[in-house]
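Each remark here refers to the structure printed beneath this line.
Coordinate-derived values only; no laboratory data. All figures in this text were calculated on a predicted structure; none of them were measured in a lab. Glycine gets a Cβ as well: all are built from the backbone with ideal geometry, and neighbour counts include every protein chain shown.
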Amino acid sequence: MKYILKLGLVLGICMGASLAWGQKPAASTTQPTPFQKSEDSLMNSVDSMNRVAIHGERIEYCHAFVKQLSHILKQPNSFQHPFTELSKKIHIIYPEDKSFRIFNWPVEYAPAHFRYYGAIQKADGSVYPLVDNSETIQDKDLLGLLDNKNWYGVEYYRILSQKDANGQTLYFVFGVNHNNRNTSVKSLDLLNIQGNRIVFGGDYFERGNKRFIIEYQKGAQVSLNYDTEKGMVVYNALESEINQPQRKNTLVPTGQLDGLKWSNYQWQSVKNLVPILKLKDGQAPINGVMPTN
């Protein structure tokens with residue numbers, strides 16, 4: 001016991017002497033980097049953009065946020081900063097090869113009306129702003145090629161990579177637009193970086209379309225996404241509630257699932273991927289299994 005007390009006394013004296021000689025204990029936390037400090041400022045702007053009670057003011061806060069983000073992304077080595085906290089507030093998504101990333105978010109500028117914003121940053125630091133013209137783009141134009149300055153604004157939620165006939169990587173993006181009065185739109189689109197602009201759309205879809213589009217009744221729960229197990233894009237088949245399929249605001253899911261399969265370097269339709277189970281008169285499923293006759 002005496003030995004332990006003496007040892008403790010010696011250690012205490014040594015530590016006290018070290019402090020007396022000006023040696024400070026090591027700091028327990030690291031100092032934030034300039035990018036982390038900038039990210040904190042971005043977070044404050046996003047909160048104002050999303051929470052201000054007057055919808056019209058949200059666009060003003062958004063413009064301020066865009067200026068801040070643009071300034072930060074132009075800084076050297078900004079691509080290496082992951083913006084982990086900011087990604088909890090807006091979409092920041094990468095393709096598998098991490099060759100670029102998309103910053104993307106909606107702003108509700110009036111009740112149930114949205115404007116979409118975004119930027120694409122390549123790994124070399126190049127930045128391409130996305131300018132939403134969805135309110136002026138006509139249906140016929142939506143089937144053709146668009147670019148980042150004439151963009152059909154969407155909220156991107158996935159990037160899917162495929163290979164073309166030459167082994168080059170193709171990037172397909174999934175997005176949703178809720179800005180129409182009575183309908184929503186989900187899309188599967190090609191994203192192609194060409195020189196100083198981003199081109200959307202390409203000859204990888206059936207019937208000569210440049211992208212795949214589903215327009216349906218606003219508020220309906222419609223899925224469009226890649227299913228890894230099935231190895232294809234899966235989406236809800238739609239039907240009109242009033243037997244008028246030309247009226248997109250009446251289209252709702254039927255219960256059937258259709259698909260798009262990457263075959264011969266094109267997205268090809270697969271119908272009745274998961275068919276509707278229909279019972280005949282007097283039939284009923286037994287333990288969840290449909291009768292075979």
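Is it the case that Asp203 is part of a loop (DSSP other than H, G, I, E, B), over 21 Å from the mean Cα position of the chain (by Cα), among the charged types (D, E, K, R) and over 26 Å from Glu60 (Cα atoms)?
yes
When segment 238-262 is limited to residues that are in contact with an Asp or Glu (Cβ under 7 Å, 6 or more places away or on another chain) and among the polar types (S, T, N, Q), the one that is surrounded by the most Cβ atoms within 10 Å (Cβ to Cβ) turns out to be Thr250. Summed over segment 164-199, the residues that are in contact (Cβ under 8 Å) with a residue 24 or more places away in the chain, surrounded by fewer than 14 Cβ atoms within 10 Å (Cβ to Cβ) and part of a strand (DSSP E or B) give a count of 2.
Considering segment 224-237, and only residues there that are of a type in the set (Ser, Thr, Tyr) and in contact (Cβ under 8 Å) with a residue 24 or more places away in the chain, the residue that is surrounded by the fewest Cβ atoms within 10 Å (Cβ to Cβ) turns out to be Tyr226.
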